[in-house]
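Notes follow once the structure below has been shown.
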Amino acid sequence: MKTEKWWLESGEAQADKWSSFEIPSYEARSQLRKGVYVKALFAFKDGERERMWIEVTGGSSTGYVGTLLSTPASVDERILKTGTEIKFDPSHVIDIDDPEGL
C-alpha cells in the first residue's frame, strides 16, 4: 500500500541490507490468518520510518488487509492513525505475533 505521504517498505529488501535484521520465513508470512499481529516498516514523505503493528483482518487480491494497532509517533493523525485500514503483502511483514499462540 502506498499513499503520497506514507508507504510500506519491503521487509525482504531491508533484511538484505542489514544482516542483523531477520524476518520470518516466507512460508510463515504467506500463511497469515485473521487475528494475527504483524509488524511492518512504514516510511513517510519526510524521511522518517517506523515499525508498527497491524492486526490481520482478512485477505485481499494482493495479500492481506489489516488494522493499524500502533500509534504513529512521526506523523500527525491526519496522515496516519491507529485504526487505519492497511493493505499489505507477505514482503512487508517483518515480525509476526500470534496472540492465540497457534
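The values are calculated or read from the model by the stated rules, or taken from the named source; none is laboratory data. Because the structure is a prediction, the values reported are computed rather than measured. Cβ sites come from the backbone with ideal geometry, for glycine too, and all protein chains shown count toward neighbours.
Using the structure shown, decide if D95 is in a loop (DSSP other than H, G, I, E, B) and of a type in the set (D, E). No; evaluated as a whole, the condition is false for this residue. Looking only at residues in the stretch 74-102 that are farther than 24 Å from P24 by Cβ and of a type in the set (G, A, S), the one that is surrounded by the most Cβ atoms within 10 Å (Cβ to Cβ) is S74.
For G35, the requirement of being in contact (Cβ under 8 Å) with a residue 24 or more places away in the chain, on the phi > 0 side of the Ramachandran plot, of a type in the set (G, A, S) and surrounded by 16 or more Cβ atoms within 10 Å (Cβ to Cβ) is not met. If I filter the stretch 14-29 down to residues being loosely packed, with under 10 Cβ neighbours inside 10 Å and part of a helix (DSSP H, G or I), which single residue comes out as modelled with the lowest pLDDT? Ranking the qualifying residues of the stretch 14-29, first place goes to K17. Taking the condition surrounded by 16 or more Cβ atoms within 10 Å (Cβ to Cβ) and of a type in the set (G, A, S), does G58 pass? No, not satisfied. Within the stretch 26-43, the set of residues being farther than 19 Å from T67 by Cβ and hydrophobic (A, V, I, L, M, F, W, C) comprises A28, A43. When G11, G63, G47 are screened for being on the phi > 0 side of the Ramachandran plot and buried (at least 17 other Cβ atoms within 10 Å of the Cβ), only G63 passes.
Contact map, the stretch 56-81: residues that are under 17 Å from W7 (Cβ atoms) paired with residues that are among the hydroxyl-bearing types (S, T, Y), Cβ distance under 6 Å, separation 6+ or inter-chain. Pairs shown: V65/T57; G66/T57; L68/T82; L68/T84.
Could you tell me whether the stretch 52-64 includes any residue that is among the acidic types (D, E) and touching a helix residue (DSSP H, G or I) at 6+ places or on another chain (Cβ under 8 Å)?
No, the conditions are met nowhere in the stretch 52-64.
Of V56, V93, V75, V38, all but one fail to be over 12 Å from the mean Cα position of the chain (by Cα) and among the aliphatic types (A, V, I, L, M); the exception is V75. Under the condition of being outside any loop (DSSP other than H, G, I, E, B) and modelled with pLDDT under 95, which residue from the stretch 43-55 is farthest from E4 (Cα to Cα)? Applying the filter and picking the extreme gives R51.
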